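Q: Below is a structure I'd like to ask you about.
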Amino acid sequence: AGALALEPDERDRVVELARAGDSEAMYLLFLDTAERGGDEQAPTTEEYEKAKQWLVKSGELNNWRAAYVLQLCYTKGCWGLKPSKEKAEHYKNVVSKFGPNK
């Protein structure tokens, strides 16, 4: 199991918060899926796609942690996101503006 591994009732609460627009909750849902390991716990294609959607939505709301992951993904290509210099630069700027070292 990953470091996060939300309990089912906790996950329901986080999903509610994410649906209400909480970018940190969106990022947590992404992490919860991303950190799952092992064959029996590996995310399904549907879960993987939903996690990617939460990550992108969180980044669009200027969540700096999501933006950091998106910056890496758009630089190297990951989570099914193709490299894009423009998007990598955009998310780099989000991190510098909203991140811990602003």
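Q: List every residue pair whose Cβ atoms lie under 8 Å apart, where the two residues are 6 or more positions apart in sequence or sit on different chains, the first residue falls within the stretch 19-33 and is open to solvent by 10 Å² or more (accessible area, probe 1.4 Å), and the second residue, located anywhere, is modelled with pLDDT of 95 or more and not in a helix (DSSP H, G or I).
A: So the pair list comes out as Gly21/Leu61; Ser23/Leu61; Ser23/Asn62; Ser23/Asn63; Glu24/Asn63; Tyr27/Asn63.
Q: Identify the single condition in (1) at pLDDT 95 or above; (2) assigned to a loop (DSSP other than H, G, I, E, B) that Glu16 does not satisfy, given that it satisfies every other one.
A: Among (1) at pLDDT 95 or above; (2) assigned to a loop (DSSP other than H, G, I, E, B), Glu16 violates only (2).
Q: Tell me the residue from Lys82, Lys76, Lys87 that is more than 18 Å from Asp32 (Cβ to Cβ) and either touching a strand residue (DSSP E or B) at 6+ places or on another chain (Cβ under 9 Å) or acidic (Asp, Glu) (or both), please. I'd like the intermediate steps shown before the answer.
A: Values: Lys82 fails: either touching a strand residue (DSSP E or B) at 6+ places or on another chain (Cβ under 9 Å) or acidic (Asp, Glu) (or both); Lys76 fails: either touching a strand residue (DSSP E or B) at 6+ places or on another chain (Cβ under 9 Å) or acidic (Asp, Glu) (or both).
Exactly one of Lys82, Lys76, Lys87 is more than 18 Å from Asp32 (Cβ to Cβ) and either touching a strand residue (DSSP E or B) at 6+ places or on another chain (Cβ under 9 Å) or acidic (Asp, Glu) (or both), namely Lys87.
Q: While we're on this one: Which condition number in (1) outside any helix (DSSP H, G or I); (2) surrounded by 15 or more Cβ atoms within 10 Å (Cβ to Cβ) is the one that Pro83 fails?
A: (2)
Q: Inside the stretch 50-69, can you point out the residues that are touching a residue at least 12 places away in the same chain (Cβ under 8 Å) and not hydrophobic (A, V, I, L, M, F, W, C)? Quick ask: steps written out before the conclusion?
A: Filtering the stretch 50-69 for residues touching a residue at least 12 places away in the same chain (Cβ under 8 Å) gives 50-52, 54-59, 61-69.
The answer is Lys50, Lys52, Lys57, Ser58, Gly59, Asn62, Asn63, Arg65, Tyr68.
Q: Exactly one of these conditions fails for Pro43: (1) open to solvent by less than 30 Å² (accessible area, probe 1.4 Å); (2) touching a Ser or Thr at 6+ places or on another chain (Cβ under 8 Å); (3) farther than 23 Å from Gly21 by Cβ; (4) not charged (D, E, K, R). Give me its number.
A: So the condition that Pro43 fails would be (1).
Q: Moving on. Which pairs do you get when a residue that is modelled with pLDDT of 95 or more, found in the stretch 70-87, comes within reach of a residue that is of a type in the set (Gly, Ala, Ser) and open to solvent by 30 Å² or more (accessible area, probe 1.4 Å), reach meaning Cβ atoms under 8 angstrom, with the pair 6+ apart or on two chains?
A: Pro83/Gly77
The values are calculated or read from the model by the stated rules, or taken from the named source; none is laboratory data. Computed from a predicted structure; not experimentally measured. Glycine also receives a Cβ, built like all others from the backbone with ideal geometry; neighbour counts cover every protein chain displayed. Accessible surface areas use protein heavy atoms only, side chains included; no ligands, DNA or RNA. Shrake-Rupley method; radii C 1.70, N 1.55, O 1.52, S 1.80 Å.
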